[in-house]
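*Asks:* My structure is below; once you've seen it, I'll send some questions.
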Amino acid sequence: MRMVDIIQKKKAGGELSKDEIDFVIQGYTKGSIPDYQMSSLLMAIYFKGMSSRETADLTLAFVNSGDQINLSQIEGIKVDKHSTGGVGDKISLIVIPLVASVGVPVAKMSGRGLGHTGGTIDKLETIEGFKTELTMEEFITNVNTYKMAIVGQSANLTPADKKIYALRDVTATVDSIPLIASSIMSKKIASGADAIVLDVKVGSGAFMKSIDKAKELARQMVDIGKSLNRKTVAVVTDMSQPLGYEVGNANEIREAIEVLKGKGSEDETTVALTIASHMAVLGGAFDDFESAYKKLKNIIYSGKAIEKLKELIRIQGGNSDYIDIPSKLPQAKYHIEVKALKEGYITSINAENIGISAMLLGAGRKTKEDTIDHAAGITMVKKAGDLVKENDTICILHTNLKDCSEAETMARNAYNIGSEEIKFNKYIYEVIL
Ligand code: URA
């Protein structure tokens with residue numbers, strides 16, 4: 001087999017065989033196929049696409065390039081969830097205890113934040129003592145005993161995807177739906193879950209800016225999951241503005257606590273209950289979505305959900321006093337109120353720019369090597385649809401940095417203020433089964 005023939009075939013719109021896909025992925029991972037040929041093939045895929053069979057084969061080739069986690073010692077249907085990434089997205093912190101509280105095992109592998117999006121592992125590390133590295137034995141024991149555990153992703157999961165993702169990043173081939181779908185699904189499949197709920201974000205803070213593109217990505221990921229015998233559901237959710245009112249690490253933990261106590265914002269609570277309900281149905285605890293939603297909502301209001309979060313923190317070595325007294329979580333030295341420059345309705349908020357502003361305040365990383373400040377972040381005092389007067393506070397920046405003028409300008413400019421009243425209450429666009 002020759003790489004040049006494979007590139008030629010894809011360039012002409014042909015369908016690559018499983019053997020050809022395996023040849024490419026194995027050859028590129030071990031270094032016998034150079035970057036320039038792989039780049040060329042990626043660009044051909046970008047323009048010509050892939051069939052669902054090719055996308056599933058590519059996913060499997062990524063899975064087979066590294067370790068695969070064996071969760072067979074965990075009883076029951078193991079469910080996982082994945083978000084395509086957003087700003088203020090603290091859904092995992094809410095759904096893990098919620099789904100575990102109805103007896104469905106949640107074996108969660110999560111990542112760290114990069115760029116404008118946050119990561120669940122960084123958020124949990126805000127809590128003193130919380131261990132995000134567990135041995136496989138501890139992980140399995142915790143899921144069997146308490147129905148939940150969360151760890152950072154292992155270094156040797158899908159190395160082929162890691163290498164190709166780095167190349168896509170510098171060859172303008174990230175935004176190809178089959179490449180994104182196979183990249184995300186390979187990590188979920190290698191992590192060993194039986195059932196996967198995908199939270200596909202759409203809007204200014206997400207990878208997918210249009211609903212049609214988000215639906216297409218969701219469809220492809222669900223098809224991959226099903227063809228590889230994983231029960232998979234995708235929910236397309238709004239990311240046209242940050243989710244909830246808090247962006248950052250300590251302040252997102254505080255907001256997740258509020259949701260689990262039944263005092264959360266409508267958007268955050270609705271998205272969390274929707275994702276959790278699909279997980280609970282796939283995990284076999286309920287026959288249908290509606291009964292799962294009703295029960296999980298009751299669990300929140302009964303106080304059981306917040307107790308389960310405390311348990312999660314305790315079993316992973318963290319100090320659960322922080323849940324009772326969230327003010328003990330790290331607090332920044334400076335709190336800068338950003339003011340509206342004119343009167344009017346907030347017509348939209350550029351979520352990506354809020355994410356970048358939070359990163360500049362210290363809450364995120366520009367590069368993988370950066371350290372983060374858990375106390376830094378943004379409180380969204382006003383959201384889309386709200387009416388503001390000139391000089392009203394629209395958001396508050398929390399930081400330990402003396403000079404944050406760039407972040408302040410970015411946050412202010414993320415808010416668009418107009419004269420027309422808008423109604424904003426759409427959080428879920430589509431569920432793809
Ligand atoms: N996240 C991934 O893991 N892979 C992509 O290609 C895009 C987002």
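*Asks:* Can you work out which of the residues in the range 368-377 that are open to solvent by 30 Å² or more (accessible area, probe 1.4 Å) and in contact (Cβ under 8 Å) with a residue 40 or more places away in the chain is farthest from Val338 (Cα to Cα)?
*Replies:* Lys368
Listed here are the residues, each with its yes/no results for (1) within 21 Å of Ala218 (Cβ to Cβ); (2) within 15 Å of the chain's Cα centre (by Cα); (3) charged (D, E, K, R).
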position: Leu41; (1), (2), (3): no, no, no
position: Leu58; (1), (2), (3): yes, no, no
position: Glu75; (1), (2), (3): no, no, yes
position: Asp89; (1), (2), (3): yes, yes, yes
position: Ala100; (1), (2), (3): no, no, no
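*Asks:* In this structure, is Asp403 open to solvent by less than 70 Å² (accessible area, probe 1.4 Å) and part of a loop (DSSP other than H, G, I, E, B)?
*Replies:* Answer is no for this residue.
For (1) in contact with an Asp or Glu (Cβ under 6 Å, 6 or more places away or on another chain); (2) aliphatic (A, V, I, L, M); (3) farther than 23 Å from Met185 by Cα, each residue gets a yes or a no:
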{"residue": "Met3", "(1), (2), (3)": "no, yes, yes"}
{"residue": "Ile6", "(1), (2), (3)": "yes, yes, yes"}
{"residue": "Lys18", "(1), (2), (3)": "yes, no, no"}
{"residue": "Gln37", "(1), (2), (3)": "no, no, yes"}
{"residue": "Phe47", "(1), (2), (3)": "no, no, no"}
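*Asks:* State the number of residues belonging to the range 57-82 that are in a loop (DSSP other than H, G, I, E, B) and among the β-branched types (Val, Ile, Thr).
*Replies:* The total comes to 3.
*Asks:* Is it the case that Asp321 is over 20 Å from Val99 (Cα atoms), modelled with pLDDT under 95 and not polar (S, T, N, Q)?
*Replies:* Here the answer is yes, as Asp321 does meet what is asked.
*Asks:* Search the range 173-201 for residues being out of contact with any Ser or Thr (no Cβ under 9 Å at 6 or more places or on another chain) and open to solvent by less than 10 Å² (accessible area, probe 1.4 Å), and hand back the single one that is farthest from Thr84 (Cα to Cα).
*Replies:* The residue in question is Ala193.
*Asks:* Let me ask something else. Taking the condition of being assigned to a helix (DSSP H, G or I), open to solvent by 30 Å² or more (accessible area, probe 1.4 Å) and among the hydroxyl-bearing types (Ser, Thr, Tyr), how many residues in the range 303-334 meet it?
*Replies:* Number of matching residues: 1.
*Asks:* Moving on to the next point. Looking only at the range 173-198, how many residues end up being over 28 Å from Met43 (Cα atoms) and either within 15 Å of the ligand (Cβ to nearest atom) or hydrophobic (A, V, I, L, M, F, W, C) (or both)?
*Replies:* Looking only at that region, the number is 5.
*Asks:* Name the single residue that is farthest from the ligand (Cβ to nearest atom) among those in the range 85-114 being open to solvent by 10 Å² or more (accessible area, probe 1.4 Å) and out of contact with any helix residue (DSSP H, G or I) (no Cβ under 7 Å at 6 or more places or on another chain).
*Replies:* Filtering the range 85-114 for residues that are open to solvent by 10 Å² or more (accessible area, probe 1.4 Å) and out of contact with any helix residue (DSSP H, G or I) (no Cβ under 7 Å at 6 or more places or on another chain), the one farthest from the ligand (Cβ to nearest atom) comes out as Gly103.
*Asks:* Another question, if that's okay. Can you tell me which residue within the range 144-172, out of those that are away from the ligand (no atom under 14 Å from the Cβ), β-branched (Val, Ile, Thr) and open to solvent by less than 30 Å² (accessible area, probe 1.4 Å), is nearest to Ala44 (Cα to Cα)?
*Replies:* Among them, the one singled out is Val151.
*Asks:* So which of Lys263, Lys226 is more than 17 Å from the chain's Cα centre (by Cα), basic (Lys, Arg) and more than 29 Å from Thr379 (Cβ to Cβ)?
*Replies:* Of the residues listed, the single one that is more than 17 Å from the chain's Cα centre (by Cα), basic (Lys, Arg) and more than 29 Å from Thr379 (Cβ to Cβ) is Lys226.
*Asks:* Sticking with this one: From the list Met359, Met380, pick out the single residue that is open to solvent by less than 40 Å² (accessible area, probe 1.4 Å), under 17 Å from Gln241 (Cα atoms) and touching a Phe, Trp or Tyr at 6+ places or on another chain (Cβ under 9 Å).
*Replies:* Answer to the check: Met380.
*Asks:* Hey, another quick one. Being open to solvent by 10 Å² or more (accessible area, probe 1.4 Å), closer than 18 Å to Gly264 by Cβ, basic (Lys, Arg) and out of contact with any Gly (no Cβ under 7 Å at 6 or more places or on another chain), is that true of even one residue in the range 339-348?
*Replies:* no
*Asks:* For the range 54-66, which residues satisfy the criterion of being of a type outside the set (S, T, N, Q) and touching a residue at least 60 places away in the same chain (Cβ under 8 Å)?
*Replies:* Glu54, Ala56, Leu58, Leu60, Ala61, Phe62, Val63, Gly66
*Asks:* Next question. For residues in the range 226-244 being part of a loop (DSSP other than H, G, I, E, B) and not basic (Lys, Arg), which is most open to solvent (accessible area, probe 1.4 Å)?
*Replies:* Asn229
*Asks:* Could you check, for the range 35-56, whether at least one of its residues is under 30 Å from Thr120 (Cβ atoms) and polar (S, T, N, Q)?
*Replies:* Taking every residue of the range 35-56 in turn, at least one turns out to be under 30 Å from Thr120 (Cβ atoms) and polar (S, T, N, Q).
*Asks:* Just to be sure, is Asp169 charged (D, E, K, R), free of Cβ contacts under 8 Å to residues at least 12 places away in the same chain and more than 21 Å from Gln68 (Cβ to Cβ)?
*Replies:* When the stated conditions are applied, Asp169 passes them.
*Asks:* Asp223 fails exactly one of the following numbered conditions: (1) within 16 Å of the ligand (Cβ to nearest atom); (2) surrounded by fewer than 24 Cβ atoms within 10 Å (Cβ to Cβ); (3) among the charged types (D, E, K, R). What is the number of that condition?
*Replies:* Looking at each condition in turn, Asp223 falls short on (1).
*Asks:* Note down all Cβ pairs under 6 Å where the first residue falls in the range 1-16 and is exposed (fewer than 15 other Cβ atoms within 10 Å of the Cβ), the second is of a type in the set (S, T, N, Q), and they're at least six residues apart or on different chains.
*Replies:* Hits for this filter: Glu15/Ser51.
The values are calculated or read from the model by the stated rules, or taken from the named source; none is laboratory data. Note that the structure is predicted; figures quoted are calculated from it, not measured. When we count neighbours, we look across all protein chains shown, and the Cβ atoms used for this are built from the backbone with ideal geometry, even at glycine. The area values use the complete protein model at the heavy-atom level, side chains included, leaving out ligands, DNA and RNA. Shrake-Rupley method; radii C 1.70, N 1.55, O 1.52, S 1.80 Å.
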